[in-house]
Structures are given as structure tokens and as C-alpha cells.
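Chemist: One structure, as C-alpha cells, below. Some questions next.
The values are calculated or read from the model by the stated rules, or taken from the named source; none is laboratory data. Source: prediction; values computed, not measured. Note that each Cβ is placed from the backbone with ideal geometry, even for glycine, and that neighbours are counted across all protein chains shown.
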Amino acid sequence: MPGTGLWRTKSIEQSIADTDEPDTKLRRNLSAWDLTVFGVAVMIGAGIFTLTAKTAGDVAGPSVSLAFVFAGVACALSALCYAEFASTVPVAGSAYTFSYATFGEFLAWIIGWDLILEFSVAAAAVAKGWSVYLQTVLRYVFGENVTTSFEIAGFTVDWGSLLLVAVLATILTLGTKLSSRFGLVITVIKVVIVLFVVILGIAYINPDNYTPFIPPAAEADAGGAGVEQSLLSALTGGSGSVYGAFGLLAGASLVFFAFIGFDIVATTAEETKNPQRDVPRGILASLGIVTVLYVAVSLVVSGMLPYTQLATDAEPAGRKTIATAFAANGVDWAANIISIGALAGLTTVVMVLMLGQQRVLFAMSRDGLLPRKLAKTGKRGTPVRVNILVGVVVAIAATFFEADKLEEMVNVGTLFAFILVSAGVMVLRKSRPDLKRGFRVPLVPLVPILAIAACAWLMLNLTVLTWLRFIGWMVLGVLVYFVYSRRHSLLGKQRDGAKP
């Protein structure tokens with residue numbers, strides 16, 4: 001039976017029927033190959049080009065490769081749950097739509113609000129990183145005086161980020177299929193760069209750099225203490241979460257950012273030709289490809305340079321990247337190639353993050369939890385108004401605001417979404433065993449329970465400060481729901497007999 005009030009659920013049949021509304025209909029033209037491209041496009045980017053070296057130097061040491069394995073296992077368990085949900089409910093919105101069908105409107109709103117944080121903050125943060133790499137590449141060509149930002153009236157304007165977001169918003173408005181083709185070209189380039197890193201880097205590995213594989217825990221005053229230490233470390237009375245066992249676990253929670261993307265594949269289910277077959281294939285194939293590449297790159301980079309030289313405060317000071325390891329070994333030409341590859345890689349990351357944000361807002365608007373006018377699609381079958389809104393918001397954030405240390409905020413929101421999706425699989429198996437499932441999670445309820453436990457464990461290893469910020473964002477979301485969304489809910493109006 002559908003719930004009432006906060007717990008009213010939207011039936012699977014109604015969710016699927018809504019996809020045929022003429023004014024909000026999306027075009028179905030994506031294949032399993034397109035979805036795999038989207039997944040690889042967004043996952044091979046900021047995480048592999050920047051987080052690998054930073055996490056090794058600042059948190060986990062050489063065990064960063066093990067941290068990638070831990071994060072990959074958690075994602076794989078959750079991916080199985082996403083695959084079943086997306087093949088059963090092939091509707092835009094991903095975790096938001098799934099939650100609406102299982103847990104009710106209030107939790108669906110919370111998870112949608114959570115996804116807004118995940119995609120918008122991540123897109124703005126990666127756009128800032130793209131601008132930094134653009135500046136590096138331009139300096140190779142035009143000299144050291146080139147910058148991608150300028151000051152006006154006391155504000156720093158990052159024109160590089162603004163340029164990127166404007167171009168990508170235009171491409172996404174022109175059509176999702178065009179976005180996939182553009183993403184395919186860029187994705188091929190960065191996969192080649194990643195393979196280049198692995199193959200060339202092997203020649204510069206020093207086995208001594210892997211010892212100790214898990215460095216001794218740093219003293220509390222060395223960093224990672226107070227609100228900057230992991231929640232698990234704080235709860236258990238640990239001295240901090242830099243190196244040691246706590247550092248390895250915190251590292252897994254950090255590099256989880258590199259895997260964010262396969263859930264975006266699920267947001268495009270409504271635009272897929274055969275979602276029951278192609279969505280699971282796209283999710284699992286993209287996750288498998290990037291996991292192998294991540295572990296290979298992390299092993300190479302941590303073997304090329306002692307982890308202490310990859311730390312942020314190591315000389316020269318500043319955030320370290322994959323290129324740092326090659327430059328330190330005197331292979332500057334390779335470092336330059338890697339920087340160009342990173343520029344290409346981050347381009348598709350921002351594009352797919354914006355795509356995911358658009359589809360979540362589209363689904364929430366179609367349900368009336370946000371203004372329904374935003375859900376209107378244009379002649380090309382894309383939600384033009386949502387695209388413009390997302391483009392403007394991400395452009396403002398990336399152009400005028402600093403985006404440092406945002407990865408953890410993205411991680412906590414994403415892990416929370418994964419937990420709800422994994423629990424939702426078990427709920428839907430019991431409440432609607434009659435539904436056609438193009439893909440079924442094996443060993444239910446064991447796999448969903450393991451997925452929930454793995455994601456909760458990673459959440460515990462995020463910092464106390466991250467949790468405080470996340471709680472603040474969720475409180476704001478609750479206020480918005482009761483002030484606007486609950487009163488304008490299309491489902492609520494239908495249940496009350498009011499005109500939508």
C-alpha cells in the first residue's frame with residue numbers, strides 16, 4: 001500500500017508512465033557502449049590525476065593502492081544494487097527516483113537534495129582543477145605570464161572555469177547523444193594517457209619506495225587531528241588519521257571520490273534504448289575498467305617516488321599530482337604530456353557531472369518538488385531550462401569561489417545515496433516481487449547488506465568537519481522541503497484530488 005504524508009510513495013508504474021508525458025519526454029537513443037563511455041569519462045579524471053599522489057603523500061603512503069581496492073569493492077557491491085534498480089525502474093533521477101518508489105517522498109527529497117550537493121560541488125571543484133591544468137598547458141605554449149584568472153573589484157574571476165562550463169552546458173543542451181560522442185573522443189585520449197603513465201612509469205619504479213607499505217601512524221600534531229581527523233578515529237580515541245591503519249581507511253574514503261560516476265550512468269536510464277539490458281552492462285563495465293586502471297596507476301606512482309615526497313608540504317610545496325612523480329625522475333616531457341591528458345580528462349568529468357545534476361533536477365521538477373516548469377524539454381529532447389540553470393550555478397561556483405578540499409563533501413553525500421539504494425533493493429524485492437528485473441543482484445540480502453556495511457564504514461572514515469558540513473546541508477534541505485516541496489508535490493496533489 002502507498003504511504004501517506006511524508007512517506008507517500010510513487011508507484012513504479014506511475015514513474016514509468018510519467019516518462020511518456022509529451023512536455024517532459026526524453027529521447028531514447030543511448031546504448032550500453034554510450035553508458036560505458038559516460039561512466040569511464042567521469043571516473044577517469046580528477047581522482048586518478050590528482051588524488052592518487054595526494055592521498056599517498058598525505059594520508060596512506062604506498063598503501064594507497066590498497067585503499068583503491070577497498071573503495072572499489074564498496075563501489076562494486078553498490079553497483080550491483082544500482083544495476084538492478086536501474087533495470088527495473090528505467091527512469092531519470094537515479095537514487096532519487098529509486099527512493100521515491102521504496103522509502104517515500106521525504107527520503108526521496110533528502111536523497112535528491114544530497115545528489116544536488118554531490119554533482120554541483122564536484123562539477124565546480126573539478127572545473128577549478130581543469131582551469132589550473134589549462135594554465136599549465138598555455139604556459140608551455142605562450143610563456144610563464146599566462147594565467148586563467150584575473151581580479152576585478154576585489155574578486156578573483158576564473159575565466160578558464162567559466163569557459164569550460166559554458167561550452168559543456170551548450171553541448172549538453174544540444175543533445176545527450178552528441179555529449180556521448182564528444183565524451184568518447186576525449187575518453188579515448190585520457191585512457192591512452194593513463195596507459196602511458198603505467199607503461200612508462202614501470203621503468204622508474206624503485207621497490208624500496210614500497211617499504212613500509214603501511215607507514216607508522218603520524219603523531220597527532222602532524223595533522224589529521226581534531227575536526228580534521230576521521231570520525232572513526234575520533235570515536236575510538238585515535239590520535240589522528242595520517243598513515244597507519246586509520247590512514248589507510250581514511251585513504252579509502254578519500255579515493256572513493258575517484259569512483260564517483262557509475263551512479264551517473266543510472267541517471268540516464270530513461271534515455272537508453274534497452275535499459276533492462278544496457279544500464280547494468282554500462283555500470284559494471286565502466287566500474288571494472290577504471291578499477292584496474294586506478295590500482296595500476298597507484299602502484300606505479302607510489303613506486304616511482306617515496307611517499308614523503310608526494311606529501312603536500314614536501315618541497316616544492318603544493319598539491320602533488322601524477323606528473324610530480326615523473327618530473328622528480330627527470331622525465332619532464334612525460335610530465336607535460338600527462339598535464340595535457342589531465343586537461344582532456346577533467347573536461348569529460350565536468351561534463352558528465354553536469355549531466356547527472358541535470359537529470360536529478362529534471363526528475364525532481366517533474367514530480368513537483370521543484371518548479372515543474374524546469375522539467376519542460378525542448379525540440380532536441382533535452383531539459384533546456386534545467387541545463388541552463390545547472391550551467392549558471394556551476395559556472396558561478398567555479399568562477400568566483402575557491403573549491404579546495406571539496407572531495408570529502410562529495411563523498412559523504414554519495415555514500416549516503418549508495419546506502420539507500422542498497423537498502424531499497426531489499427525493500428523492493430519484498431514489496432514488489434512481481435516486477436520485471438532485467439538484472440538481479442545475486443545473494444540477496446547478503447550483497448546489499450555488505451554494500452551498506454562497506455559504505456557506512458567509508459563514511460565513518462571521513463573527517464568530523466565533513467560530517468558537520470553535511471549535516472548543515474541536510475538541515476537546509478529539510479527546511480526547503482517543508483516550506484516549498486511538500487506543498488507543491490504532484491503526487492501529494494493527486495492523492496488529495498487537487499488539480500496538478
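Chemist: So in region 429-485, with the set limited to residues that are closer than 18 Å to Leu80 by Cβ and among the small types (Gly, Ala, Ser), which one is surrounded by the most Cβ atoms within 10 Å (Cβ to Cβ)?
Modeler: Here the residue is Ala451.
Chemist: Please specify each residue of region 386-428 satisfying the condition of being modelled with pLDDT of 80 or more and either out of contact with any helix residue (DSSP H, G or I) (no Cβ under 9 Å at 6 or more places or on another chain) or surrounded by fewer than 18 Cβ atoms within 10 Å (Cβ to Cβ) (or both).
Modeler: Ile388, Val392, Ile396, Val427
Chemist: What number of residues within region 273-296 satisfy the criterion of being β-branched (Val, Ile, Thr) and surrounded by fewer than 24 Cβ atoms within 10 Å (Cβ to Cβ)?
Modeler: Residues that pass the stated criteria total 4.
Chemist: Can I ask one more? Looking only at residues in region 122-158 that are of a type in the set (Phe, Trp, Tyr) and surrounded by fewer than 16 Cβ atoms within 10 Å (Cβ to Cβ), which one is nearest to Gly413 (Cα to Cα)?
Modeler: In this case the residue turns out to be Phe155.
Chemist: Residues in region 358-385 that are at pLDDT 80 or above and not in a helix (DSSP H, G or I): how many?
Modeler: 6
Chemist: Next up: Which residues, taken from region 124-172, are within 20 Å of Trp333 (Cα to Cα) and charged (D, E, K, R)?
Modeler: Arg139, Glu144
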